[in-house]
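> Below: one structure in structure tokens.
The values are calculated or read from the model by the stated rules, or taken from the named source; none is laboratory data. In this text the structure is predicted, and so the values were computed from the model without any measurement. With ideal geometry, Cβ positions are generated from the backbone for all residues, glycine too; neighbour counts draw on all protein chains shown.
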Amino acid sequence: MSFDFNLILQSLPQMLAGLGITLQLLLVSGFLGLLLAILLLLMRISGKLYLNSIAQVYIFVFRGTPILVQIFIIYYGLPQFEAIRESMFWHILREPTGCAILALTLNTGAYVSEILRGGVLSVDKGLLEAGSALGMSARQKFIYITTPLATRLSLPAYSNDVISLLKSTALASTITITDMTGIARTIVADTYAPYEVFISLAVVYIIFTFGLQKLFGVIERYLSRHTVREE
Amino acid sequence: MEVLNGWWDDYFWGAIVVAEVFIASLFLMILFGLIGAGAKLSGSRLAQKTANTYTVIFRGTPEILVILLLYYGSAITLTAIAQIFNPEIRFVDVPPFWAGTIAISLIVGSYATETFRGAFLGVNPGSIEAARALGMSTLQTFIYIRIPEMWRIALPPFGNHMLSLTKDTALISIIGLNETLFVAKQAITVTGKPFTMYIVVGAIYLGFSTIITLSVMGIEKFGNRTSVGAK
Amino acid sequence: MNDNKTQPLIEMIRVNKFFGSFQALKNIDLEVYKGERIVICGPSGSGKSTLIRCINRLEKHNDGRINIDGIELTDKVENIDAVRREVGMVFQNFNLFPHMTIAKNLMIAQQLVRKTPKAEARQVAMQYLERVKIPEQADKYPIQLSGGQQQRVAIARALCMNPEIILFDEPTSALDPEMINEVLDVMVDLAKDGMTMVCVTHEMGFARSVADRVIFMDEGEIVEQATPQAFFDNPTNDRTKAFLNQILSH
């Protein structure tokens, strides 16, 4: 049993052709998911019971079920309803890419909102008391004290979630999307060479992950520049 | 709703499979996590490098890819080996249950490595010093001081690992494991109701997640019953 | 000591405060007049911090009335805001905003709460930084300053809002010994300028030299209050005597 390096050299460019789709899924879902997460966070800390409850239920459901099931429900399940098929969203929802982005967004939104909430709760209460003592309103404290500090505190956990999101994009291959994993599976089906193809693909993902970690490291160091003593 | 009649049985057995995977992978995940943590804490540079490589590989590769690689790769390897002994054999494969279980155990195990390592290092050094000063042996210190504090520190992230194992089980349906998602796919070809069928899958997984989350909360309360602030 | 018939600046009438089933303040009656310097001392858990935190509504009293300069402290937001405009606070842990420069720390509340324009806020900030003797630190970040410097900045920050009263919650307890004096000096200075001060502290030297009145609290009650002289040399209550023995014996 030999390791066919030639095959790797042939398949890599094919798989990397899917990089564009992988990136598209990652960036669009990541961005929209972040917006959703902020919305859910504000609902959670709004103090209004009905908003908090709705957000909690949403987060509970989306963190408690496998993302693959969520993808299938949206892509295969929604077309079951005529109302969906005739709505204005149909042209997005009939496309696998649109469904994948929707599913990934809804999923990452739930996780990231909890991460942001953790960051908000970690802000030193004393600083908020100082703000109160100075007469700042709740809104002013949230904007000028909580948000800058919570952002920095959330960053490590957030970077982990972005990496998870990257890995989840591979699931798009299960609904016919030709991202890197989708292409890889086609190649393996043709060549019966799972080791060469999948291992080289894994290396691509690992490099990508490594790059993301470095990027977040830079961002983290930049945001912490005034709060860490240079010894 | 009546469309589900006749399928409840299959879903039930699918859920049993999910539970079986959970138990098997939980055991393996703990094993891999402890070995990995042990290697990282050992002081042997070789062990640390190996463990680090393990962590990087399995935290950076999409879960679905690991599952596919393990399943198809092991089939190819085993077939090749078997053909050495008996050229008549066309195909040997590893049961999807084991390929999938080992795959997800390796993946979540790489996260568990960090959790266990962090828990070990998180034990209050003062407690250890006090124990040694009182004359307790290394083993006694480990059993009576280290471990009780370690499991309490590790519990919240460990709960998350258990949730990951549960949800990753759905991915194993892709290689043919007869769990709930797989059942749903079959049910859909007969009933033509994808939404309904996948929602049931979601509900089953949500049920498992809830049980795990509540159990962890209960154990946390038990663990903290003598801590500051406990009522 | 103030004996003209003006209204007290701070008035606490039969104030009670509970944390769950634990009673932190028991029937507190207190009057503080303009220009007075009050020191509150007592063992930990006696309710000293709770008492002053009720004055600016960082804690909410459950029973009784609190009036600050005639404004009654209730749940009404306008009242709370009005009170906080008159009362400044200095915390044990300084609580400087770590992500803002020293100058910005002093300016932000002026800009947000008093709507002071930026240039003017900066001027006021620099003025008070001079007052606490560290104007050169204006563009540094809190992490770059020593504890004593940070606390002086915190005092300047409270002063920028022109309060009638400043509350000090154990201002020197988190400082290394060699930095305590630089902060106490600033506080003595403030007292000389006639600022009304209520100070929770263990620094008995400060109490003796600066306070108009020393109050001893134990288990949520005001046990004794007197001039420093009477308090330290002739305590009347047994609990006061026991406490003074404990802290003054080394």
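> Here are the criteria: (1) more than 24 Å from B:ILE23 (Cα to Cα); (2) among the polar types (S, T, N, Q); (3) touching a residue at least 24 places away in the same chain (Cβ under 8 Å). Tell me which single one B:THR169 does not satisfy.
The one condition B:THR169 does not meet is (1).
> In this structure, does A:SER224 turn out to be more than 7 Å from every other protein chain (Cβ to nearest Cβ) and either closer than 17 Å to A:MET15 by Cβ or in contact with a Phe, Trp or Tyr (Cβ under 7 Å, 6 or more places away or on another chain) (or both)?
Numbers: more than 7 Å from every other protein chain (Cβ to nearest Cβ): yes; either closer than 17 Å to A:MET15 by Cβ or in contact with a Phe, Trp or Tyr (Cβ under 7 Å, 6 or more places away or on another chain) (or both): no.
Criteria not met by A:SER224.
> Is it the case, given these coordinates, that C:ALA242 is within 23 Å of C:MET187 (Cα to Cα) and aliphatic (A, V, I, L, M)? Step through it out loud before you land on a result.
Values: within 23 Å of C:MET187 (Cα to Cα): no; aliphatic (A, V, I, L, M): yes.
For C:ALA242, the condition - within 23 Å of C:MET187 (Cα to Cα) and aliphatic (A, V, I, L, M) - is not met.
> If you go through the stretch A:35-94 one residue at a time, how many are charged (D, E, K, R) and assigned to a helix (DSSP H, G or I)? Please lay out each step first, then the result.
First, pick out the residues of the stretch A:35-94 that are charged (D, E, K, R): A:44, A:48, A:63, A:82, A:85-86, A:94.
Next cut, assigned to a helix (DSSP H, G or I) only: A:44, A:63, A:82, A:85.
Number of matching residues: 4.
> Which of (1) of a type outside the set (A, V, I, L, M); (2) under 22 Å from A:ALA103 (Cβ atoms); (3) more than 12 Å from chain B (Cβ to nearest Cβ) is the odd one out, the single condition A:THR147 does not satisfy?
Only one criterion in (1) of a type outside the set (A, V, I, L, M); (2) under 22 Å from A:ALA103 (Cβ atoms); (3) more than 12 Å from chain B (Cβ to nearest Cβ) is unmet by A:THR147, namely (2).
> Regarding B:THR180, is this residue of a type outside the set (Asp, Glu), touching a Phe, Trp or Tyr at 6+ places or on another chain (Cβ under 9 Å), surrounded by 14 or more Cβ atoms within 10 Å (Cβ to Cβ) and at pLDDT 90 or above?
Working: of a type outside the set (Asp, Glu): yes; touching a Phe, Trp or Tyr at 6+ places or on another chain (Cβ under 9 Å): yes; surrounded by 14 or more Cβ atoms within 10 Å (Cβ to Cβ): yes; at pLDDT 90 or above: yes.
Judged against the criteria, B:THR180 is a match.
> Right, next: At least 1 residues that are more than 14 Å from chain A (Cβ to nearest Cβ) and small (Gly, Ala, Ser) in each: list the helices (runs of 4 or more DSSP H) lying fully within the stretch B:1-107 that qualify. Steps first, please.
On the way: elements: B:8-41, B:45-60, B:63-85.
The helices (runs of 4 or more DSSP H) meeting that bar are B:8-41, B:45-60.
> Sticking with this structure for a sec: Within the stretch C:141-158, track down each residue that is touching a residue at least 60 places away in the same chain (Cβ under 8 Å) and more than 11 Å from chain A (Cβ to nearest Cβ). Give the derivation first.
Going through the stretch C:141-158, the residues touching a residue at least 60 places away in the same chain (Cβ under 8 Å) turn out to be C:151, C:154-155, C:157-158.
Residues satisfying the conditions are C:GLN151, C:ILE155.
> Something else: Does A:ILE199 fit the bill of being in a helix (DSSP H, G or I) and either among the polar types (S, T, N, Q) or under 20 Å from A:LEU68 (Cβ atoms) (or both)? Steps first, please.
Details: in a helix (DSSP H, G or I): yes; either among the polar types (S, T, N, Q) or under 20 Å from A:LEU68 (Cβ atoms) (or both): no.
No.
> Out of the stretch C:112-127, which residues are assigned to a helix (DSSP H, G or I) and either within 13 Å of chain A (Cβ to nearest Cβ) or in contact with a Cys (Cβ under 9 Å, 6 or more places away or on another chain) (or both)? Walk me through how you get there before you give the answer.
First, the residues of the stretch C:112-127 that are assigned to a helix (DSSP H, G or I): C:112-113, C:118-127.
Passing the criteria: C:LEU112, C:VAL113, C:ALA121, C:VAL124, C:ALA125, C:GLN127.
To keep it simple, each residue is scored yes or no on (1) on the phi > 0 side of the Ramachandran plot; (2) assigned to a helix (DSSP H, G or I); (3) at pLDDT 95 or above.
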{"residue": "A:LEU127", "(1), (2), (3)": "no, yes, yes"}
{"residue": "A:ALA130", "(1), (2), (3)": "no, yes, yes"}
{"residue": "A:GLY135", "(1), (2), (3)": "yes, no, no"}
{"residue": "A:PRO148", "(1), (2), (3)": "no, yes, no"}
{"residue": "A:SER154", "(1), (2), (3)": "no, yes, no"}
{"residue": "A:LEU166", "(1), (2), (3)": "no, yes, yes"}
{"residue": "A:ILE177", "(1), (2), (3)": "no, no, no"}
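> Here's something else I'd like to know. Of the conditions (1) in a loop (DSSP other than H, G, I, E, B); (2) touching a Lys or Arg at 6+ places or on another chain (Cβ under 8 Å); (3) facing chain A (nearest Cβ under 9 Å), C:ALA109 clears all except one; give me its number.
(1)
> Further question on the same structure: Out of the residues in the stretch A:170-192 that are more than 25 Å from A:CYS99 (Cα to Cα) and within 8 Å of chain B (Cβ to nearest Cβ), state the one that is surrounded by the most Cβ atoms within 10 Å (Cβ to Cβ).
A:VAL188
> A follow-up question, please. If you go through the stretch A:120-151 one residue at a time, how many are among the aliphatic types (A, V, I, L, M), surrounded by fewer than 15 Cβ atoms within 10 Å (Cβ to Cβ) and over 23 Å from C:MET161 (Cα atoms)? Give the derivation first.
Pass one, the stretch A:120-151, residues among the aliphatic types (A, V, I, L, M): A:120-121, A:123, A:127-128, A:130, A:133-134, A:136, A:138, A:143, A:145, A:149-150.
Still in the running and surrounded by fewer than 15 Cβ atoms within 10 Å (Cβ to Cβ): A:121, A:138, A:143.
From the residues that got through so far, the ones that are over 23 Å from C:MET161 (Cα atoms) too are A:121.
Counting residues in the stretch A:120-151 that are among the aliphatic types (A, V, I, L, M), surrounded by fewer than 15 Cβ atoms within 10 Å (Cβ to Cβ) and over 23 Å from C:MET161 (Cα atoms) gives 1.
> State all residues of the stretch C:209-248 that are touching a Phe, Trp or Tyr at 6+ places or on another chain (Cβ under 9 Å), in a helix (DSSP H, G or I) and surrounded by 16 or more Cβ atoms within 10 Å (Cβ to Cβ); if no residue qualifies, say none.
C:PHE231, C:ARG239, C:THR240, C:PHE243, C:LEU244
> So the check is Cβ under 7 Å with 6+ separation or different chains; which pairs have a first residue in the stretch C:167-191 that's free of Cβ contacts under 8 Å to residues at least 24 places away in the same chain and a second one that's not basic (Lys, Arg)?
What qualifies is C:LEU184/C:THR172; C:LEU184/C:GLU203; C:LEU184/C:PHE206; C:VAL188/C:VAL210.
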